[in-house]
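The values are calculated or read from the model by the stated rules, or taken from the named source; none is laboratory data. This structure is a prediction, so every number in the text was calculated from the model and none was measured. Reconstructed Cβ throughout: ideal geometry from the backbone, glycine too, with neighbour counts over all protein chains shown. Heads up: the accessible areas ignore ligands, DNA and RNA and are worked out on the full protein's heavy atoms, side chains in. Shrake-Rupley method; radii C 1.70, N 1.55, O 1.52, S 1.80 Å.
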Amino acid sequence: MPVTTSSAPGKIILFGEHAVVYGRPALAVPVTQVQATATVSENSRGGVMIEAPNINLSADLSSLPSDHPLVFVINSVFSTLKISNPPACTVYLQSTIPIASGLGSGAAVSVAIIRALSGFLGKPLPDEKVNLLAFEAEKLYHGTPSGIDNTVVTYAKPVYFILKKPIKTFHVGAPFTIMIGGTGISAPTKDSVGSVRKLWQADKPRWEKVFTRVGEIVWNARQAIERGDVAELGRLMDANHALLQEMTVSCVELDDLVEAARKSGALGAKLSGGGHGGNMIALVEKDNAPAVARALSSAGAKRTILTQVG
Ligand code: PMV
């Protein structure tokens, strides 16, 4: 069997995180500067091996718990393809996507494994199936995920996402530049989604209103992106961040980075993803990007990534 390799990009949520779990739209885009790569090859040792040096994992599939996300993904490929006796093979994983930081690392790893393994077995799965299997794995990482991460990562395109609705991509009227700033704080999305759920359960009418306001911002942002109105996009980012603060998913470190980005000339800034750590994003003009990156580093960013949308 030939060695098979597949890579999947990271992602960032531009607008609408958390409210998307409650049926409002969200916008997300792939980040190709970071990637997860899976390579599957035959081994002479027997059994199915997983090698993931990033997380210090080198083990036989059968020795790991079945709810381990990597084991779950591999087994879901075997069962989807009705393979009861898998051939001896090694699944080797490498990723430059920081873990638990809102860059879609879990989804990218799942998508890369599903594609590489199904290709290795001579039965490459179509995108819809890849997306579906990656979504099942997301539930292990995130509890009650909306499915936005696996969708953007599978299709590697900007996505206007609504829960359980057909996937819509959107047109980018004029390319724009996003600076991602990482707090270095690893914050599981499961926890922040759980904390917003508690707020919502305690006062549904209040939070439904907040989510609806987020949904309006997302809709306006999509239109601003389509007509290439970068200034409006910046304002909408700021407005979305304020609502995320109200949901108490921001933190001092994120707020400091958001503030530093704005002060150094970014057109707008907000946290991105689950919050309580992880990443923030700033809308920057290309010329001003180095100044924003410096300001973010001085304000405590552990890394910055520059990415272009469109
Ligand atoms: O933390 P991330 O980037 O994986 O994004 C989570 C986005 C949420 O809306 C908070 C949860 C979800 O599943 O959509």
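Every residue, every condition in (1) at pLDDT below 95; (2) of a type in the set (Gly, Ala, Ser); (3) over 18 Å from the mean Cα position of the chain (by Cα), yes or no:
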| residue | (1), (2), (3) |
| --- | --- |
| ALA28 | no, yes, no |
| VAL40 | no, no, yes |
| ASN43 | no, no, yes |
| ALA52 | no, yes, yes |
| ASP60 | no, no, yes |
| VAL73 | no, no, no |
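Going by the structure shown, is THR304 open to solvent by less than 70 Å² (accessible area, probe 1.4 Å) and either outside any helix (DSSP H, G or I) or modelled with pLDDT of 95 or more (or both)?
Considered against the rule, which asks whether it is open to solvent by less than 70 Å² (accessible area, probe 1.4 Å) and either outside any helix (DSSP H, G or I) or modelled with pLDDT of 95 or more (or both), THR304 comes out as yes.
If we keep just the residues of region 253-282 that are open to solvent by 30 Å² or more (accessible area, probe 1.4 Å) and touching a residue at least 40 places away in the same chain (Cβ under 8 Å), which is farthest from VAL196 (Cα to Cα)?
Applying the filter and picking the extreme gives GLU259.
Of the residues that sit in region 174-217 and are closer than 26 Å to LEU283 by Cα and open to solvent by 40 Å² or more (accessible area, probe 1.4 Å), which one is nearest to the ligand (Cβ to nearest atom)?
Here the residue is PRO188.
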